[in-house]
Amino acid sequence: MNKNHVPVQSSIGFKLLRAIFGLYLIITAIITSVHIAVEYERAKDEVKKALAFNNTVMGQTLSHQVWHLDLEALDHTLSGIIQMPYVVGVSVHSPEGTILARTGVVSVKEKDNYLYRQSNVKNGIDEVSYSNNLFWHSFELVDTNYSVSEPIGLVYMYSSPSVIAVKVQNVFIPIIGFALIKVFALGVIFLYFGRRILSRPLEKMVTFIRELPLINKQNDDHYSKDENELEILETALFSMSERLKETLIELRKHHNHLEDMVQERTKELEISNRYLEEAVKEIETFSYSISHDLKAPLRAISGYSGMLLEYYSGSLDEEGNRFLSVINDNAVQMSELIEDILQYSRMVRRPLEKGEVHIKKLTEGVILELEGEYKDREIEINVKEMPNCNGDSVMIKQVLMNLVSNAIKYTGNKEKANIEVGSKQIDKETVYYVKDNGVGFDLKYSDKLFGLFQRLHSKKEFEGTGVGLAIVERLILKHDGKIWADAKVNEGATFYFTL
Amino acid sequence: MTEHNNIEILLVEDREEDIDLTLKALKKDNFASKIKVLKDGEKALEYIFATGEYSGRDVYDLPKLIILDLKLPKVDGLEVLRKIKFDDRTKLVPVVILTSSNEESDISESYELGADGYIVKPMRFDNFVKAVADIGNYWMLAHKPLGCK
């Protein structure tokens, strides 16, 4: 049997219909009974009236016969009267109480008895039974001539319920019949419509409820047999609300837990941040003081060797002078290295500040700043139209500065230097480039190009510490960009980068 | 000891070697005959404002040029600069910062306090000499000071 069906007897639809039907039955029964009783009384009344009618019809005849004490004629009259409808018995009594004549079923008052005996003389046999259900109509016989004022006799005309029953039968049967039909019809209607309007929707609802996931599955197998649909609904809703409450509590617990975790993480992050900030500050002060404290003695070395060269070169021979030069050069070189390291670390430490960058303008600015480097040379720098990009303008400026100054530097050996700065689209990406026609480099060593202090040319050929490109690469990487180069020895180099 | 002589250049520098170099450079082109050297910020302030050790001085006996290093013991170069430039009596004296620091912060701070020049000490002696010569040339010879005595 389908677990989801409520047994018919428990169904609320059934109970409802049953109640209505039952009430209807009772009411119909009561009304029908009342109707029947009323009909009965009416019939009884009619009979009595009929009996009374006989009074007027037969009264005179009977009084005449009694007066004359014509018992035979009386009997005949009585046998005639008894033929009348509704009459089951007639008896004529003298004023003293003796029975003068009787026919049919009459009731005889027994001496000292309240019972009325029914007596029916049939074929000379007196059938006696005790019953109280006879009723009669009695009237007095009076002298026809009105010579005597007192009654001369008493006539009792009897009728019995069975007579009435017969009479009423014709009415009863249709009444009861109709009542039954009505009840039956209602039953059919209830059956049909009840099913359509109540049972089926209720069934669907029960099925739906029982298959809801929110109901506590543990109570699944214990569907109470007596539960009607509304009780099922109530249980389901209760169960759902319980589950919801539980879920809410859990959610709140989770939420609190998450909040705690978030707070913890935030605290941890704050601590980390503080450490980082302190570390950065330390590096800054460290490098600041390093630069100052390292450069001072270098300045002394360079300065004094310089002064020797200036004022005492005469006292030294060529070799001695050369020694001094070497000392001087190396001191200077070291100071440049220090400066470059400082700059590199400064650049790398700086946090990225993104904004719109006008590369063309930036390039033009850089070229102006570097004017001093190429004052005396034949040099042509071509800045093409380039789209703006998103990045840190200070860093991008440094990138351009390094690349352009490199281009200027490494074209130093050419009569006419050609430098071009522009951009092109490769695979939907904007690629910027700095191109020169200088000394170039061997592609074989391209992976050393961006290394810190890595140089592909000697100091004698081109000055520099090898930190420029390292800085450029770091800055480009900070923008999640790419940088690479292409070159041919003595024909020039092109540096490409994306942002 | 009271000094009545008009000091032409006041050099405030703590490192002996740097003093040596600077004096040599100044004397090379003979920019000044009277150069006073002080080795820390405190003495510099005392001298300029005629207090403490130099109370006997006349405050208005101002040098024509002050060459000031930033990294000084006792009182820092920037503090000396601030005091000079904020005092009505002394603020007109040209002060040129001659320091090894190339830091943005030092440069901007110096100019904000009213420095009249900022030179980073070059490494090579010849460059150093040139830089000092440029300073001397301009402030001692070429430029017209306000209200010369």
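The values are calculated or read from the model by the stated rules, or taken from the named source; none is laboratory data. What you see is a predicted model; the values in this text were computed from it and never measured. Every residue, glycine as well, gets a Cβ built from its backbone with ideal geometry; the counts of neighbours run over all protein chains shown. Quick note on the areas: whole protein, heavy atoms, side chains included, nothing else; ligands and nucleic acids left out. Shrake-Rupley method; radii C 1.70, N 1.55, O 1.52, S 1.80 Å.
Values for this structure:
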read-out: Mean separation of Cα contacts under 8 Å (6+ apart) over length of the stretch A:1-103, as relative contact order %; value: 15 percent
read-out: Per-residue ³J(HN,Hα) for the stretch A:480-485, Karplus 6.51 cos²θ - 1.76 cosθ + 1.60, θ = phi - 60°, Hz, x for Gly and Pro; value: 6, x, 10, 9, 8, 9
read-out: Rough spin-label spacing in nm, given labels placed 7 Å along Cα→Cβ, for B:Asp61 and A:Val394; value: 4.7 nm
read-out: In the B-A interface, the accessible area buried, summed over both sides, Å² (probe 1.4 Å); value: 1900 Å²
read-out: Theoretical FRET efficiency, 1/(1+(r/R0)^6), r = Cβ-Cβ of A:Ser79 and A:Asn170, R0 25 Å, to 0.05; value: 0.35
read-out: Antiparallel DSSP beta bridges within chain A, percent to nearest 5; value: 90 percent
read-out: Rounded to the nearest 10 Å², the accessible area of A:Trp484 at probe 1.4 Å; value: 90 Å²
read-out: Surface accessible to a 1.4 Å probe, B:Lys91 within the full protein complex, Å²; value: 90 Å²
read-out: Between the stretch A:78-93 and the stretch A:438-464, the Cα center-to-center distance that results, in Å; value: 156 Å
read-out: Reachable lysines, given that their alpha-carbon falls under 22 Å from the alpha-carbon of A:Lys15 and they are not under 8 places away in the same chain; value: A:Lys3, A:Lys182, A:Lys204, A:Lys225
read-out: Cross-link pairs A:Lys295/B:Lys85; A:Lys295/B:Lys36; A:Lys384/A:Lys435 - those with Cα-Cα distance over 21 Å; value: A:Lys295/B:Lys85; A:Lys295/B:Lys36
read-out: Where the protein assembly as shown is the region considered: accessible area per residue in Å², 1.4 Å probe; value: 59 Å²
read-out: Sum of -39500 (n - 2.57) over DSSP H runs of 4+, divided by residues of chain B (222 nm, nearest 500); value: -10500 deg cm²/dmol
read-out: Normalised contact order of the stretch B:9-141, rounded percent, pairs of Cα under 8 Å and 6 or more residues apart; value: 26 percent
read-out: Computed label-point distance, nm, for sites A:His457 and A:His254 using a 7 Å Cα→Cβ extension; value: 6.6 nm
read-out: Those lysines that a straight Cα-Cα span of less than 18 Å connects to B:Lys74, excepting residues fewer than 8 apart in one chain; value: B:Lys39, B:Lys43, B:Lys83
read-out: Ratio Rg/Rh, restricted to the stretch B:9-141 and using Cα atoms, in which Rh is the Kirkwood radius; value: 0.93
read-out: Length-normalised contact order for chain A - Cα pairs under 8 Å, 6+ apart - percent; value: 10 percent
read-out: Heavy atoms of A:Met401 accessible to a 1.4 Å probe, total area in Å² rounded to 10; value: 40 Å²
